[in-house]
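Heads up: the structure comes next, in structure tokens.
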Amino acid sequence: MHQNKNEKEIIQEKISRLENFIKRKKFYQIWLAYEKLKERRDLQDYSDLNKKALELLKKNPEIANEYEYVIVDEFQDTNKMQCDFLEYLAPHKNITVVGDLNQSIYRFRGAYRDNLDNFKKYFNLQESDIYFLDKSFRSTNKILKVANQLIQCNYKEKQGFFEVHNAFNQEGEPISVYELKNHKEEARKIIEIIESEISNGVVPE
């Protein structure tokens, strides 16, 4: 009985490997067709634009001199090629980036976690060159306190975490939490809250 079970598991593993192979082969064939279609119609997608821009800067480094200063927001969502691009775009180190690795949402699209470390090394950053944006001009302290408690769970190294506070020390209203069944109920609840606020005299900005 035990032997039959093992044989069944082996067969299932072989089937699973074969299915994965077929899926990858189909993906490869679709990718090749996609690349040929772009070439035939002289088209470029977003990845091509990144690649060509990097090649352009490598061949013509003087282009970088046309930019007095470079600022990059959401740096945690850049990929390796984009980081290389910035090195050529700001050879005089006239660059500032803003980002938080723990807020990266595009790893599935190639966002590269080591980009920040690579950026620090290439531009020879010192601790004095790094600033913490710990003031919020949008949320009250009641909201930020809860957000701080949740976000710090994302940090493997706790020393990298810092709390954010309201820039004007506004405490704000208590937070209400709603548990809803699905996205339709969520939309309905949002509309209900907005209508309630308007009826209470809150003027939409």
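So the values come out like this:
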| item | result |
| --- | --- |
| Close pairs from segment 169-182: first farther than 11 Å from LYS142 by Cβ and open to solvent by 100 Å² or more (accessible area, probe 1.4 Å), partner outside any loop (DSSP other than H, G, I, E, B) and of a type in the set (Val, Ile, Thr), Cβ under 9 Å, at least 6 apart | TYR178/ILE193 |
| Every pair of residues 6+ apart whose Cβ atoms lie under 8 Å, when the first sits in segment 109-121 and is over 17 Å from ASN50 (Cβ atoms) while the second is at pLDDT below 75 and surrounded by 11 or more Cβ atoms within 10 Å (Cβ to Cβ) | ARG113/LEU101; ARG113/SER104; ARG113/ARG107; LEU116/LEU101 |
| Answer residue from segment 111-133, given it is modelled with pLDDT under 90 and of a type in the set (Asp, Glu) and is farthest from ASN94 (Cα to Cα) among those | ASP114 |
| Output for segment 134-155, where each listed residue is of a type in the set (S, T, N, Q) and either over 20 Å from PHE168 (Cα atoms) or in a loop (DSSP other than H, G, I, E, B) (or both) | SER139, THR140, GLN149, GLN152, ASN154 |
| Residue check, GLN170 part of a helix (DSSP H, G or I) and either over 26 Å from the mean Cα position of the chain (by Cα) or at pLDDT below 85 (or both) | no |
| Any chance LYS156 is of a type outside the set (A, V, I, L, M, F, W, C), within 14 Å of GLN103 (Cα to Cα) and either open to solvent by 100 Å² or more (accessible area, probe 1.4 Å) or in contact with a His (Cβ under 7 Å, 6 or more places away or on another chain) (or both) | yes |
| Near pairs, Cβ below 8 angstrom, 6+ apart or cross-chain, from segment 36-54 (under 16 Å from CYS83 (Cβ atoms)) to any residue that is in a helix (DSSP H, G or I) and among the charged types (D, E, K, R) | LEU54/ASP84 |
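The values are calculated or read from the model by the stated rules, or taken from the named source; none is laboratory data. In this text the structure is predicted, and so the values were computed from the model without any measurement. So basically every Cβ, Gly included, is an ideal-geometry build from the backbone, and we count neighbours across all protein chains shown. Please note that ligands, DNA and RNA were not included when accessible areas were found on the heavy atoms of the full protein model with its side chains. Shrake-Rupley method; radii C 1.70, N 1.55, O 1.52, S 1.80 Å.
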